[in-house]
Every structure is written in structure tokens, then in C-alpha cells.
Amino acid sequence: MRILVLGANGQLGRCLADELHETNHQVLLASRAEIDLSNFHITQTEIRRFAPDVVINASGYTAVDKAESDEKSAYLVNHLAVENIAKVCYAVDCVLIHVSSDYVFDGQSIRPYQEDATTNPKSVYGKSKLKGEIAVQNSGCNYLIVRTAWVFSEYGNNFFKTMMRIGSQNRELKIVGDQFGCPSYAPDIAKAILSTLTSPRLKTSKSIYHYAGDSACTWAEFSQSIFDAAWAAGKLDYKPKIVSIKSKEYPLPALRPLNSMLDSSRFESEFGFKASPWLAGVRKLIASWDS
Ligand SMILES: NC(=O)c1ccc[n+]([C@@H]2O[C@H](COP(=O)([O-])OP(=O)(O)OC[C@H]3O[C@@H](n4cnc5c(N)ncnc54)[C@H](OP(=O)(O)O)[C@@H]3O)[C@@H](O)[C@H]2O)c1
């Protein structure tokens, strides 16, 4: 297959690159330097030139708090650029695998969210990601929208790396303990996405799937798991004490859903690929952690 990865320099993009490297697919990895998605003309030209069977859009304006004061940029990347990509995919008859977010939900549910749950984003980031999803759905192209959550990996900036950095400098940390979500190890998301490529339904798919961690926790519990693993592996001299606080005690520009747990069972049964065993991901990262 000919596969084009957009946003190839992000944490998911780089994990996709690692996984695709092990396959026989003909792959074009496009970071912003190769295809700036805010340039619609270049995007169209480059997609037509490569003539992919599948486009994987791993790009995103992911600065959740910055988006509140930089709406235009967030909508440009998460909505308008996605609309443009989807329209070209329709025109050249290729499948679009588009990555979206748990933040399209308002967090009021007490259960993990299924794909058909009502969306009601509370932040500019969440609203712009939802607009992107709708644009894909309206474009006419065949698509898989994969919503994921709380992504961490060895690449880029993420919660795991922040915790390892501040945990090595502070014996006590205040971490939000009233938001629930499913941490997702980016190499698992990349593998999950590649598992869809062999599905006979891919070519005609027009579906949303959730793919995230196999269990839920709070940010405070996530950090506890990281420190437990780091301590057990001798990567920290002490185990930082975590004080669980409420979201309102740590106000940020963007509102986060209190519950953004994603139910991955539809993805699991459709593609036979298990939700991300994220604790194993934490241990893997710790094992190779070199502060
Ligand atoms: N991170 C999370 O916790 C999380 C949670 C749920 C869903 N998601 C979604 O998962 C996807 C991947 O997230 P991630 O964590 O891998 O994000 P990331 O590390 O921030 O990577 C996003 C990539 O998008 C690229 N990009 C932004 N604007 C672009 C443009 N105009 N042209 C080309 N590339 C552009 C960035 O390029 P530069 O490197 O040049 O800036 C970056 O490499 C995104 O769709 C995100 O919304 C993420």
C-alpha cells in the first residue's frame, strides 16, 4: 500500500514512522517542513503527487490551553486543514485515517464514552477537533476517525515526561485527581492504526472508533503509576508524594472534561487489536529512561 503520514514529526507521527519502518508499505512521512497543512494548495498538490491508498492524519494543533487565545490557528489546523485533506482524499479515492480526541466530550457521563455518545466539547481545542471530524464525515471520502486520549511516548512533550522531570526535582507534587481518562501509549496507537490496514472494510469505511488505554485513572493515579515504576526500576532516588487536588484548585485556560474515559471495545472487536496496555507502556519507557 502507498501510505502518507501527515504530522509525521509529532509523538504519534514518529511512532507511526517507527512501526511503518518494519513493513513493506511504500511510505511518505510528511512533517510540517514537507507539507504545511495550513497551505491548502501545497497539501492538495502533494497528496495528488504521491497518490496514496491511505492518508493517516496524525497532525494537530494540540496546545489545549494556548488554543483558548489562539482560536484561529487551532481551527486552521484541526478543522479547515482537515476539511481540505478529506476533500482531496475523496477526489483521489483514498481512505483517510484521521486522529481525533476525547476532548470532543463534555465529561458529564459516568461511564466510558462509546462512539455514538453525544459530543459537547468545552474547549476551543475540543470544538476545533469536533469540527474536523464533521468535515471528514461531510467530505464524502471513506474514513476512519480514531479518537484517542492522554497520549504519552518517548517523543515530544507529554505528561509522562513532565512527571519524570518535575518528580526528580520535587519530593511532593500536587496533581489533579478529579479528572478521569484512559492513558494511551503512542506506539500502541500506531500499531492499532496499522492493524486497520488489513481490514477488508477499510476501503469502504465511514466510521468513528475509540482507541485508548485499557483502564482508566486520574492524572494523580497516572503520576503515581509512573513514580511507582520509576522507583521500582531505580530511576528515581525517592518516590515523590502525590497530593491529589481538584481541577478548580489548578485553574487552566481550557476546561477539561472530568470524565473522558473512552470505551475501545468496538475497535477491539472490529480489528482484533486490544486497547492499549498503558501500564506496560509506562514500564517500557521507564526501562529506557535516561535522565
Ligand atoms: N497528545 C494527546 O494527549 C492527545 C489526546 C487526544 C488526541 N490527540 C490527537 O492525536 C493526534 C496526535 O497527537 P500528538 O500527541 O502526536 O500531537 P503532537 O505531538 O503535538 O504532534 C502534532 C503534530 O502536528 C503537526 N502540525 C501542526 N500544525 C501543522 C501544520 N500546519 N502542518 C503540518 N503539520 C502540523 C506538528 O508539527 P510541528 O512538530 O512542526 O509543530 C506536530 O508534529 C492529534 O490529532 C491530537 O489532536 C492527542
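Computed from the coordinates by the stated procedures, all read-outs in this text should not be read as laboratory data. Just so it is clear, the model here is predicted, and its values are computed rather than measured. Glycine gets a Cβ as well: all are built from the backbone with ideal geometry, and neighbour counts include every protein chain shown.
Against the empirical 2.2 N^0.38 Å scaling, what ratio does the C-alpha Rg of the stretch 122-170 come to?
Expressed relative to 2.2 N^0.38 Å, the Cα Rg reads 1.68.
Based on Cα coordinates alone, diagonalise the gyration tensor for the chain, multiply each eigenvalue by 5, take square roots, and list the semi-axes in whole Å, largest first.
So the equivalent ellipsoid measures 32, 21, 18 Å along its semi-axes.
Compute the semi-axes of the equivalent ellipsoid of the stretch 203-291, taking the square root of 5 times each eigenvalue of the Cα gyration tensor, and list them largest first in whole Å.
In descending order, the three semi-axes are 29, 21, 10 Å.
What does the charge count near K191 come to, summing +1 for each Lys or Arg and -1 for each Asp or Glu among other residues with Cβ under 12 Å from its Cβ?
Charge balance in the 12 Å sphere: -3.
Could you tell me what percent of the DSSP beta bridges with both partners in the stretch 149-291 are antiparallel, to the nearest 5?
20
In whole angstrom, how far apart do the alpha carbon centroids of the stretch 142-218 and the stretch 259-291 sit?
Cα centroid of the stretch 142-218 versus Cα centroid of the stretch 259-291: 7 Å apart.
Using a 10 angstrom cutoff on alpha carbons, build the Gaussian network for the chain and name the most mobile of I242, I56, I208.
The residue with the greatest mean-square fluctuation here is I242.
How big is the stretch 1-134 on each of its three principal axes, counting only the C-alpha atoms and giving the largest first in Å?
43, 30, 26
Using Cβ contacts closer than 10 Å as the measure, can you line up S269, S260 from fewest to most?
In increasing order of surrounding Cβ atoms, one gets S269, S260.
Between V151, V92, V136, which gets the highest mean-square fluctuation from a Gaussian network model of the chain, Cα cutoff 10 Å?
V92
Provide the percentage of antiparallel DSSP beta bridges, counting only those with both residues in the chain; round to the nearest 5.
5
Using amide H atoms built 1.01 Å from N in the peptide plane, name the residues 5+ places from F180, or on other chains, whose amide H lies under 5 Å from its own.
Long-range HN contacts for F180: N259, S260.
Could you list T118, T218 so that the one with the fewest beta carbons within 10 Å of its beta carbon is first and the one with the most is last?
T118, T218
Where is the GNM fluctuation largest for the chain (alpha-carbon springs, 10 angstrom cutoff): Q44, Q137, Q26?
Q26
To two decimal places, what compactness ratio does the stretch 144-205 give when its Cα radius of gyration is scaled by 2.2 N^0.38 Å?
1.55
If I measure Cβ to Cβ between cysteines in the chain, which ones have no partner under 4.7 Å?
That list is C15, C94, C182, C217.
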